[in-house]
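The values are calculated or read from the model by the stated rules, or taken from the named source; none is laboratory data. These numbers were taken from a predicted model, which means no experiment stands behind them. As a convention, Cβ positions derive from the backbone with ideal geometry for all residues, glycine included, and neighbour counts pool all protein chains shown.
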Amino acid sequence: MRWREVFLSAALLGAATGSGVHAQSVDLYPQDIDAHTVIDAALAQARDEDKQALILFGANWCHDSRGLAAKLEDDAQLSSLIADHYVLVRVDVGQRHRNQDQLQRFGVSESFGTPTLVISDGAGALQNGLTAHDWRTADSAALSDVAMYLSRYAGTDADGETSVSGADLSAVAEAWPPYGRALAEIEGRLASGEMSEAEAARARIYARGMARSIARLGLGRVAEAQAVEIADRADLQALGLAPAADLTAAVIEQVSEIDFDLLARLVSQDAETAEARAQDEAPSQRAE
């Protein structure tokens, strides 16, 4: 099967059976909470304990949202890192249509995929910028990659890890053919007047996040295939660590066969979001 078919089949299987011990029936991203209050409490705790707030904007239906939650809870290194340096909360976004105002309070415009990770200091200042959108393949991410990313933003020494191989995540994303095609199409539509500047900017953010998510998927696949620990080279360097080996070429090769139309997927995704929003609004309209 083509990768897109495999990806969709895996998503449907995850929705039907759950991911590992964290089945869909487990309410990891509850809908019936006041997200603003929960986030306020997390920020206050982060201030009091001199930690960072780690806010996972995800959904119970999403196997990557559930998979990341499982990694952070079940892996001893990650759970210890979270306990020592973060205040962790999970916020439901439905089909990327709920609690978008809570993302925007950190300067993140919207959920382009699930999960979206926000790392904030106790004052509410976003720490991880555009990399908040890098995690829509989180269930397939290498544990070492997740650990180095969170260690970087926690300002910790990553427990002295020195044998982790690295890959240039940005180079992998830029070498991925669908990303290059999407950027060229965006510029063409902008030049022809088919897209506004705002629409083009939004499409670029979406495409970048997807490309980097695919690159993180590639890191995970290389880690599994070669039985190595691997992370984004930029995260290793930020921690003062020199990669044991540069596996950028191996990761580029790993993702080279993954092919789909990014902008077509964005259109489809927007339709899913609009439908979900309409369904949420329908009961209140009937009540009126």
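Values computed for the structure shown
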read-out	value
Condition check for Gly240: under 17 Å from Met148 (Cα atoms) and crowded, with 18+ Cβ neighbours inside 10 Å	no
Matching residues, the stretch 42-84, being exposed (fewer than 14 other Cβ atoms within 10 Å of the Cβ) and of a type in the set (A, V, I, L, M)	Ala44, Ala76, Ala83
Residue under evaluation Asp280, criteria (1) crowded, with 20+ Cβ neighbours inside 10 Å; (2) at pLDDT below 95, criterion not met	(1)
Helices (runs of 4 or more DSSP H) contained in the stretch 132-206 and holding at least 1 residues more than 21 Å from the chain's Cα centre (by Cα) and of a type outside the set (A, V, I, L, M)	177-192
Residues that are within 18 Å of Tyr153 (Cα to Cα) and not acidic (Asp, Glu), drawn from the stretch 45-68	Gln45, Ala46, Arg47, Lys51, Gln52, Ala53, Leu54, Ile55, Leu56, Phe57, Leu68
Residue list for the stretch 131-143, restricted to those being surrounded by 23 or more Cβ atoms within 10 Å (Cβ to Cβ), out of contact with any Lys or Arg (no Cβ under 6 Å at 6 or more places or on another chain) and small (Gly, Ala, Ser)	Ala132, Ala138, Ala142
Cross-chain or 6+ apart pairs with Cβ under 7 Å, the stretch 262-284 first and among the polar types (S, T, N, Q), then surrounded by 12 or more Cβ atoms within 10 Å (Cβ to Cβ) and outside any helix (DSSP H, G or I)	Thr273/Gln95; Thr273/Arg96; Thr273/His97
Flag if Ala287 is more than 30 Å from Thr156 (Cβ to Cβ), modelled with pLDDT of 95 or more, loosely packed, with under 14 Cβ neighbours inside 10 Å and outside the structural domain of Ala203 (by TED's automatic domain parsing)	no
Set Val251, Val255: member being touching a Phe, Trp or Tyr at 6+ places or on another chain (Cβ under 7 Å), aliphatic (A, V, I, L, M) and under 14 Å from Ala215 (Cα atoms)	Val255
Filter result for Gly240 (part of a helix (DSSP H, G or I) and either closer than 23 Å to Phe112 by Cβ or not assigned by TED's automatic domain parsing to the domain that holds Gly107 (or both))	no
Residue ID - farthest from the chain's Cα centre (by Cα), chosen from residues in the stretch 46-69 that are within 13 Å of Ala123 (Cβ to Cβ) and in a helix (DSSP H, G or I)	Asp48
Close pairs from the stretch 50-63: first within 10 Å of Val118 (Cβ to Cβ), partner basic (Lys, Arg), Cβ under 7 Å, at least 6 apart	Leu56/Arg90
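Here is a yes/no grid of residues against (1) assigned by TED's automatic domain parsing to the domain that holds Gly218; (2) among the charged types (D, E, K, R); (3) buried (at least 22 other Cβ atoms within 10 Å of the Cβ):
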| position | (1), (2), (3) |
| --- | --- |
| Val93 | no, no, yes |
| His97 | no, no, no |
| Asp101 | no, yes, no |
| Trp176 | yes, no, yes |
